[in-house]
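Engineer: My questions all concern the structure below.
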Amino acid sequence: MNSKEYIDLAEESLMHTYNRYPIVWDRGEGVYLYDLEGKKYLDFAAGIAVFALGYGNQEYNNAVHAQVDKIIHVSNYYYTVPMAEAAEKLVKASGMDKVFFTNSGTESVEGAIKLAKRYYYDKTGSAAGEIIAMDHSFHGRSTGALAVTGTKKYREPFGPLMPGISFAEYNNLDSVKSLVSDRTCAVILEPVQGEGGIYPAKKEFLEGIRKICSEKDIVLIFDEIQCGMGRTGDMFAYQGYGILPDVMTCAKALGCGVPVGAFAARGKFADVFVPGDHGTTYGGNPLATAAVSAVFDIFEKEKVLENVREVSAYLWDTLETLAEKHKDQIADHRGKGLMQGLEFYEPAGKIIVRAQAEGLILISAGTNIVRFVPPLIIKKEHVDEMAEKLERCLE
Ligand SMILES: *Cc1c(COP(=O)(O)O)cnc(C)c1O
């Protein structure tokens, strides 16, 4: 069967929740993807900021293969070696004290929200804790994570969602201050907003929120699902700001393709949950945590953070030049590390489709923003190759 036939087959039986691009992927190699017909594409999307190590990393593949042959799943009634090792590595890398493994980003956000509500309940004896979230935020599609997601059109058809949520303007501390009350149990935000349009937080904004939360004993949750795991040049974006949250969420590149997420907490927030408060059948299973463990090892061995710092500066300069040259089409360039965006005057979809014809994979954020979230192992030559292809799309 060819791509067209597989696409028809898929559309017959899959719910139409995505307007998918007409490409059927066959395999990946380093920073390149190949479709079923053998066409080669440079990948600047990494499966939505997931495949940080590139495709076919031998050490990663070996770790996952070996775990498949040993045991894939046993449930959380027991301990496993990968679970213990991955937890220790994540705690060390994040500056948190305790971690809970989940199966996705959304579930990590759910867990973090429950932790904040539990803390407020223990403290006040009341289940009336409210949460401040941000405009343009994205935290997931379950009814809890959706309730704190800042895009109204995602939320509206699915109400009534979790009550007690208010939205502040991102990077506007006064807007947050005006929403804080005695019932506020948590503030949740992404240090660099992803889906909402690649908006990095200002340092003073995060510092101001950290101060309010510490003074009023409010749980500060940083959603590091997209901006974490080295994407900004620090293991977690908050480390680049020198600010620690009370609870952090993580997923996407955490398992580099094996579906796994986590939320972690520090200090008094690390021991809020007691047995029975929270659980998951798959979360932290040996296959997922063997992948997590390998990812942390490879990040260190291959100096992934150093590479991000070096190549992201080059990507920044390259996109600045491009934005300057095509001022008539490009309104803004922003981002941090290997998480950058170009805002166009027209919908990003047009550029993305043109790029595909040129053999370049890009994704959007918001409607007009083209998002650059390549594998973290890309080199300057790949940035040059990307710029050449993108240039042809703009002409
Ligand atoms: C992708 C994303 C999520 C949701 O993660 P899933 O794995 O799709 O459930 C939550 N928050 C942020 C910041 C994300 O980028």
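Values quoted throughout were computed directly from the atomic coordinates according to the rules given, and no laboratory measurement underlies them. Please read all numbers here as calculations on a predicted model, not as lab measurements. Neighbour counts are summed over all protein chains in view; Cβ atoms, including those assigned to glycine, are modelled from backbone coordinates with ideal geometry.
Engineer: With unit charges on the beta carbon (Lys/Arg positive, Asp/Glu negative), name the residue among GLY105, SER181, LEU315 whose Cα is farthest towards the positive pole of the charge dipole of the chain.
Structural biologist: Farthest towards the positive pole: SER181.
Engineer: State the extension gain, in nm to one decimal, for the chain segment bounded by ASP122 and ASN2, taking 0.36 nm per residue of separation less the distance between their alpha-carbons.
Structural biologist: 37.4 nm
Engineer: Along the principal axes of its C-alpha atoms, what lengths does the range 264-395 span, in descending order and rounded to whole Å?
Structural biologist: Sorted largest first, the three principal extents are 59, 33, 29 Å.
Engineer: Per residue of the chain, what 222 nm ellipticity follows from adding -39500 (n - 2.57) for every DSSP H run with n ≥ 4, rounded to the nearest 500?
Structural biologist: Taken over the chain, the calculation gives -12000 deg cm²/dmol.
Engineer: What Kirkwood Rh does the chain have if only Cα atoms enter the pairwise 1/r average? Answer in Å.
Structural biologist: Here the Kirkwood hydrodynamic radius works out to 21.8 Å.
Engineer: Once label points are set 7 Å from the Cα along Cα→Cβ at both SER181 and SER75, what is their separation, rounded to one decimal in nm?
Structural biologist: For the pair SER181/SER75, the computed spacing is 4.3 nm.
Engineer: Here's a follow-up. Pop out the ³J(HN,Hα) list for the range 119-136 in order, Karplus 6.51 cos²θ - 1.76 cosθ + 1.60 with θ = phi - 60°, rounded to Hz; leave Gly and Pro as x.
Structural biologist: Using θ = phi - 60°, the values come out as 4, 5, 5, 5, 6, 10, x, 10, 9, 10, x, 10, 10, 9, 10, 10, 4, 6 Hz.
Engineer: Mind checking the range 309-395 for chymotrypsin sites (Phe, Trp or Tyr not before Pro) that DSSP puts in a loop (not H, G, I, E or B) and that have at most 11 other Cβ atoms within 10 Å?
Structural biologist: Passing sites in the range 309-395 are TYR345.
Engineer: Using a 7 Å offset from the Cα along the Cα-to-Cβ direction at both GLU381 and GLU346, what is the distance between the two label points in nm, to one decimal?
Structural biologist: 3.4 nm
Engineer: May I pose another question? Mind checking which lysines have their C-alpha under 21 Å from LYS39, skipping anything on the same chain fewer than 8 residues away?
Structural biologist: LYS4, LYS350, LYS389
Engineer: Toward the positive end of the charge dipole of the chain, about the Cα centre and with charges on Cβ (Lys, Arg +1; Asp, Glu -1), which of GLY54, PRO157, GLY38 goes farthest?
Structural biologist: The Cα lying farthest towards the positive end belongs to PRO157.
Engineer: Using Cα centres only, tell me the gap between the range 1-41 and the range 133-195 in whole Å.
Structural biologist: When both Cα centres are located, 34 Å separates them.
Engineer: Taking the Cα atoms of the range 1-121, what is the range of coordinates along each of the three principal axes, in descending order and whole Å?
Structural biologist: Principal extents (largest minus smallest coordinate, Cα): 53, 36, 29 Å.
Engineer: Could you go through the range 306-318 in sequence order and give the Karplus-derived ³J(HN,Hα) for each residue, using 6.51 cos²θ - 1.76 cosθ + 1.60 with θ = phi - 60°, rounded to whole Hz, and x for Gly and Pro?
Structural biologist: Coupling constants for the range 306-318: 4, 4, 4, 4, 5, 6, 5, 5, 5, 4, 4, 4, 4 Hz.
Engineer: Just in the range 245-316: which trypsin sites (Lys or Arg not before Pro) are loop by DSSP and have at most 15 other Cβ atoms within 10 Å?
Structural biologist: LYS303
Engineer: Which of LYS203/LYS325; LYS211/LYS301; LYS216/LYS252; LYS252/LYS336; LYS325/LYS380 have a Cα-Cα distance over 28 Å?
Structural biologist: LYS203/LYS325; LYS211/LYS301; LYS216/LYS252
Engineer: Put a dot 7 Å past each Cα toward the Cβ at TYR154 and GLU395; how far apart are the dots in nm?
Structural biologist: About 3.7 nm, to one decimal.
Engineer: Treating the beta-carbon of each Lys and Arg as +1 and of each Asp and Glu as -1, no other charges, what is the dipole magnitude of the range 59-301 about its Cα centre, to the nearest 20 debye?
Structural biologist: Charge dipole, the range 59-301, about its Cα centre: 220 debye, nearest 20.
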